[in-house]
Structure formats: C-alpha cells, structure tokens
Amino acid sequence: MLASRHPRLDPAPRPSAPRRPRNDGLAADWPFPVHDDTFLVRATTQWLVRPNDFPTIRRRCRTCPSTKYRTRGRFRVNANHKLLDVWLLALCDRCGETIKLTVLERVHVRSIDPTMLNGFHHNAPALAAKLLADPRLAHRNDIALDWTDAWTLEMSPVELPKADVLEVSVRFAQPIPIRPTTLIATGLELSRAEVARCVAAGLVSSERRLTGRCAQDFSFAFRWQ
C-alpha cells in the first residue's frame, strides 16, 4: 500500500446517490476497473526528459585499466582543401588519455549545415549533446554511453496534481535511453521497487511495454491506491 501522498481533491464525505445498474461493457473500456460506487478524480501532466550533462563514454583505455571517458564538448576540425574531418574529443577519467570520436569523415564543407559547422568551430555544448544522443555516433566509434545522472525531468505543472488517476505524457528532448520505470519513479517520487510493485498490481497502464529502455515519447496512467 503506497503512502497517501496524493489525497483526494475533496476529502469531505459525499451525499449518497441512487445506485445505477452496472454497465460491465463500459467499465471494460477503462484502463482501470471502474466501480459504480467510486468517484475517481483524474488529472493530466506532461514530463520532458532532457540532458543536463554529457554522458559517460564507456570504452577501454589503451594505457590504464579505466573504462570511462568524459567529454567537455570540444571538437577538432581538420580541413583538406574542401573536405573536412570532425572529431569529438574525450579524456580518460583516470589517466587523461585523449581519444577522438569520429563525427564526420571526408565531408565536403558545402554539404555541412552552416549552423552545425559554426558549432564545431566554437565547441557548442548543445551540438555535442545532440551528437552524443544519436546512436549512430556510438555505433560508428564502438563505444557505449552511460546516461546515469546526465538527464533531468521537467514537469508541467511542477507539482504533481492531487488525483486518484494521473495521466502522464512523456516527451524526450533528445533520444536518451532510460528505463520507463526509472522515469516513473523519479517523477512520482517513488522507489523503483514501489513502481515495480505497482506495475505488477496493474496500477500502471501504458500502450508500450514498461520493460527495457525507452528513448521515444510515450504516455501512461497511474492509479494511486
């Protein structure tokens, strides 16, 4: 049983009303069981997942036992006539060895968006974050990215509405792979174990599976006990 952190909007007792015949067909269409003697207060909220730091780059160092690299969002651009090579630089978390992650290779300068080219030359952090969120960069450079503690959740409204059923729309500013249960636990201020119990009890309803990792927009409904 979850703590009563989100009380009913109107806790005062309600006058009894004549009971109506139960419509089982209508109740089956709701995401949760609907009882004809229960009034459910519903509310909606929107969550936005955005990066707030660069992810940890997982790759074995050639000079020390470390498997962690970190980037400061700095690029190196090399020009060969009209052809450009662009790398994103990262440093070993232990010994400081520098590696170059290939971003562009032998690309004609006219085919590069001017805004992106300017970002390369001025080490734009937003551009580095966008490129790191693109799975093609990790695949091309044979690295893995760890986004732990590198993302934040913005909620609108900031405070969770007081309701029996909360309908949540989740949007990703960048395709950051995160477990949906971790998102739900963060947004609802619950532990992952509590969220797992709610999923098992059928208190969480979603069109997508809540297992594994997700980097695409989705929605879910949560019923407080």
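Things to note:
- Lysines whose Cα lies under 21 Å from that of LYS68, excluding same-chain neighbours fewer than 8 positions away: LYS100, LYS130
- Low-density loop positions, trypsin sites (Lys or Arg not before Pro), region 34-97 - DSSP coil, at most 13 other Cβ in 10 Å: ARG60, ARG62, ARG72, LYS82
- Cα-based Kirkwood hydrodynamic radius, region 114-225, one decimal, Å: 16.0
- Remark: region 65-78, residue by residue, has Karplus-estimated 3J(HN,Hα) of x, 5, 10, 10, 10, 10, 10, 9, x, 9, 10, 10, 10, 10 Hz, where x stands for each Gly or Pro and the curve is 6.51 cos²θ - 1.76 cosθ + 1.60 at θ = phi - 60°.
- Whole-Å semi-axes of the ellipsoid equivalent to region 57-161 (Cα gyration tensor, √5λ, descending): 27, 22, 11
All of the numbers you see were taken from the coordinates with simple rules; none came from a lab. Predicted, not measured: the structure shown is a model, and the values here were computed from it. Every residue, glycine among them, receives a Cβ derived from its backbone with ideal geometry; neighbour counts consider all protein chains shown.
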